[in-house]
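In what follows, a structure is listed as structure tokens, so that the remarks can point back to it.
Quick note: the coordinates plus some simple rules give every number you see, no bench work behind them. Since the model is a prediction, treat every value here as computed from it, not as a measurement. Positions of Cβ are generated from backbone atoms using ideal geometry, with glycine treated the same way; all protein chains shown enter the neighbour counts.
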Amino acid sequence: MAGIMKSLRSRFQKEANKAVENYTASVSFDHRLYRQDIASSIAHARMLGRQGIITAEEAELIVAGLISIREEIECGDLKLDQALEDIHMNIESRLFEKIGDVAGKLHTARSRNDQVATDMRLFAKEALSETVKLLREFQRALLDLAETNAEVIIPGYTHLQRAQPVLLAHHLLAYFEMFQRDVERFGDCLKRTDVLPLGSGALAGVPYPIDREWIARELGFGQISSNSLDAVSDRDFIIEYQAAASLTMMHLSRLAEEIILWSSAEFGFVEIDDAYATSSSIMPQKKNPDVAELARGKTGRVYGNLLAILTTMKSLPLAYNKDLQEDKEGFFDTVDTLHSTLGVFAGLVRTLSVNAGRARRAAGESYTLATDLADYLVKKGAPFREAHSIVGKLVRHAVNQEKSLQELPLADYQSLSPLFGEDVYSITVESSIDARDAPGGTAPRQVARALKRARERLQE
Ligand code: ARG
């Protein structure tokens, strides 16, 4: 067993059981925190030096040692040892090898409990800024697609049954809104993540004249934590990230599902670019939407990670418990899954081609203008409920005749209501869309405004 672990076990008479060592070690996954760990150790050592808790020379020796360990890790020269349990002990142990006993002063006024909480917050802050960047890119891809297809009309659906015509841009902007709320949620999460735990010690604070504000500034934290017990045992920020990520994945999975449907022969509204489609090992004609399917499928593991950490945290007594080490793998997996999904999916959206003719045709079929006919009667004085019933009968008649509403003669209309006149034939898919001109509706004027506003919001 490596020297530092031996010295930590001075009160024991036996070495740790091998299986226990395997079971409790975390370096196989927390090695991802090496940069954050070294950064927080450097800030801590400098603070100790400034405060005269260790000498300035000792601080500089420690800092130089840490910097060279970072280089070793980055070049792949440092073999991480599971017997050293986690990334923190691996780095500290290497520091002893490099600078000797003065390395033992780094852990003054610090515990692995406030150390790991600090590292995780640094990691989460970086992840958050990347997440927001990727979400912005995704929104940009949606907006570009909406703008290049500003005139395209599709059927809007409820219950996955054709309902009323809408502009494709309006439909895409619905997703823009969802991702806008996601961006805001991650921004909100950042406010609560941006708090420095270091200086809380193991649980009760530390008996040295430390300067926590200085460390916070060095590491770029907006504030310091107010309660040492809370600081070492709180993982809300990880749960919040995962909750926000779950919502984003849910939004992505809905869009994924629509792209899967729309690219099928049954819909045929869009075609996925060859570079974003996959083939079948047996059916040569296949062009499969695997990227969208995986985005939909990976939503499951992101939800799973959220449930796992919520369950791990439930009923944990204050303050630190080893259970908290379970905060990492699911979190890293969620960050990786969300980032790769946003990145690849944005490319799929950017390269999507739209079959405007096919979508326009579908938008006019299946009696999608029935509501407009009811509204027509309302404008001529009928109460809406009565108009609804009249048009319902008209639709049943048309279905029986295997005709569209436009194909029925005026006499058929007038046999159901004397309010119908020749002008009923001026109701078209386009007039239906134009009419929905209240704020938030699909009329071209409203959608043009919404596109402009969306562009501005991306600039913010
Ligand atoms: N690897 C540990 C974790 O991730 C570091 C903190 C260990 N602290 C302790 N008291 N055992 O939680």
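Would you mind ranking Trp262, Trp214 so that the residue whose beta carbon has the fewest other beta carbons within 10 Å leads the list?
Ranked by crowding around the Cβ, least crowded first: Trp214, Trp262.
I'd like the distance between the alpha-carbon centres of region 131-170 and region 337-360, rounded to an integer number of Å.
10
Please report Rg (one decimal) and Dmax (integer) in Å for the Cα set of region 178-221.
15.0, 48
Roughly what % of Cα-Cα distances in the chain sit above 44 Å, to the whole percent?
So the pairs more than 44 Å apart make up 36 percent of the total in the chain.
From the C-alpha coordinates alone, can you work out the Kirkwood hydrodynamic radius of region 1-113, in Å?
So the Kirkwood estimate lands at 14.6 Å.
Quick one: which residues, 5 or more positions from Ile153 or on another chain, have an amide H under 5 Å from its amide H? H modelled 1.01 Å from N in the peptide plane, none for Pro or chain starts.
Excluding prolines and chain starts, which carry no amide H, the hits are Leu168, Arg360.
If you project the alpha carbons of region 415-460 onto the principal axes, what extent comes out on each, in Å, largest first?
Extents along the principal axes: 57, 14, 10 Å.
Dividing the convex hull volume of the Cα atoms of region 367-460 by its residue count, what figure in Å³ per residue is obtained?
106
Per 0.36 nm of contour for each residue apart, how much would the distance between Thr55 and Trp214 grow if the chain were fully extended, relative to their Cα-Cα spacing?
Gain on extension, Thr55 to Trp214, equals 55.5 nm.
Using alpha carbons only, how many degrees (0 to 90, rounded to 10) separate the axis of helix 384-401 from the longest principal axis of the chain?
So the inclination is approximately 70 degrees.
What is the spin-label model distance, in nm, from Leu316 to Ser340 if the labels are put 7 Å beyond Cα along the C-beta direction?
In this crude spin-label approximation the distance works out to 2.6 nm.
Using the 10 angstrom Cβ neighbour count as an exposure proxy, how do Arg296, Arg32 rank, fewest first?
Neighbour counts put them in this order, fewest first: Arg32, Arg296.
Using alpha carbon coordinates only, what is the Rg to Rh ratio of region 54-143, with Rh defined as the Kirkwood radius? Intermediate results must be reported in sequence, preceding the final value.
Values: Rg = 17.7 Å, Rh = 15.5 Å.
Rounded to two decimals, Rg/Rh equals 1.14.
Sort region 121-174 into rounded, prolate or oblate with this rule: let a ≥ b ≥ c be the square roots of the eigenvalues of the Cα gyration tensor; rounded if a/c is under 1.5, and if a/c is not under 1.5, prolate when a/b is larger than b/c, oblate otherwise.
Oblate, because a/c is 1.5 or more while a/b does not exceed b/c.
Set the Förster radius R0 to 30 Å, insert the Cβ-Cβ distance between Ala265 and Ala448 as r into 1/(1 + (r/R0)^6), and round the FRET efficiency to 0.05.
E between Ala265 and Ala448, to the nearest 0.05, is 0.40.
For the chain, what does -39500 (n - 2.57) per DSSP helix run (n ≥ 4), summed and divided by total residues, give at 222 nm, in deg cm²/dmol to the nearest 500?
-20000 deg cm²/dmol
So how far apart, in nm, are the two label points at Val378 and Asn22 if each is 7 Å from Cα heading toward Cβ?
With each label point 7 Å from Cα toward Cβ, the separation is 7.0 nm.
In nm, what is the difference between 0.36 nm times the number of residues separating Glu293 and Asn400 and their Cα-Cα distance?
34.6 nm
Whole number please: convex hull volume per residue of the Cα set in region 75-210, in Å³? Don't skip to the answer; put the middle values down first.
Working: hull volume 27.8 nm³, N = 136.
That works out to 205 Å³ per residue.
How much length, in nm to one decimal, is gained on full extension between Asp323 and Arg457, taken as 0.36 nm per residue of separation minus their Cα-Cα distance?
Gain on extension, Asp323 to Arg457, equals 44.1 nm.
What FRET efficiency comes out for Lys14 versus Thr278 if R0 is 51 angstrom and r is the Cβ-Cβ distance? Round to the nearest 0.05.
Taking R0 as 51 Å, the efficiency between Lys14 and Thr278 is 0.40.
For helix 112-148, what angle does its Cα long axis make with the longest principal axis of the chain, in degrees from 0 to 90 and rounded to 10?
20
Return the Rg/Rh ratio of region 210-344 with Cα-based radii and a Kirkwood Rh.
1.17
For region 329-405, how big is Rg over Rh, using alpha carbon atoms and the Kirkwood form of Rh?
1.37
Could you tell me the distance between the Cα centroids of region 97-126 and region 391-411, to the nearest Å?
Each part reduced to its Cα centre gives a spacing of 76 Å.
Find the eigenvalues of the gyration tensor of the Cα atoms of region 274-384, then list the square roots of 5 times those eigenvalues as equivalent ellipsoid semi-axes, largest first, in whole angstrom. Intermediate values should be presented prior to the final figure.
Numbers: eigenvalues 416, 156, 26 Å².
Working from the Cα gyration tensor, I get semi-axes of 46, 28, 11 Å.
Computed over the Cα atoms, what is the radius of gyration of region 161-264 divided by 2.2 N^0.38 Å, N being its residue count?
In units of the 2.2 N^0.38 Å rule of thumb, it is 1.67.
For the pairs Lys105/Lys328; Lys14/Lys322; Lys18/Lys322; Lys191/Lys328, flag any whose C-alpha to C-alpha distance is greater than 23 Å.
Violating the 23 Å Cα-Cα cut-off are Lys105/Lys328.
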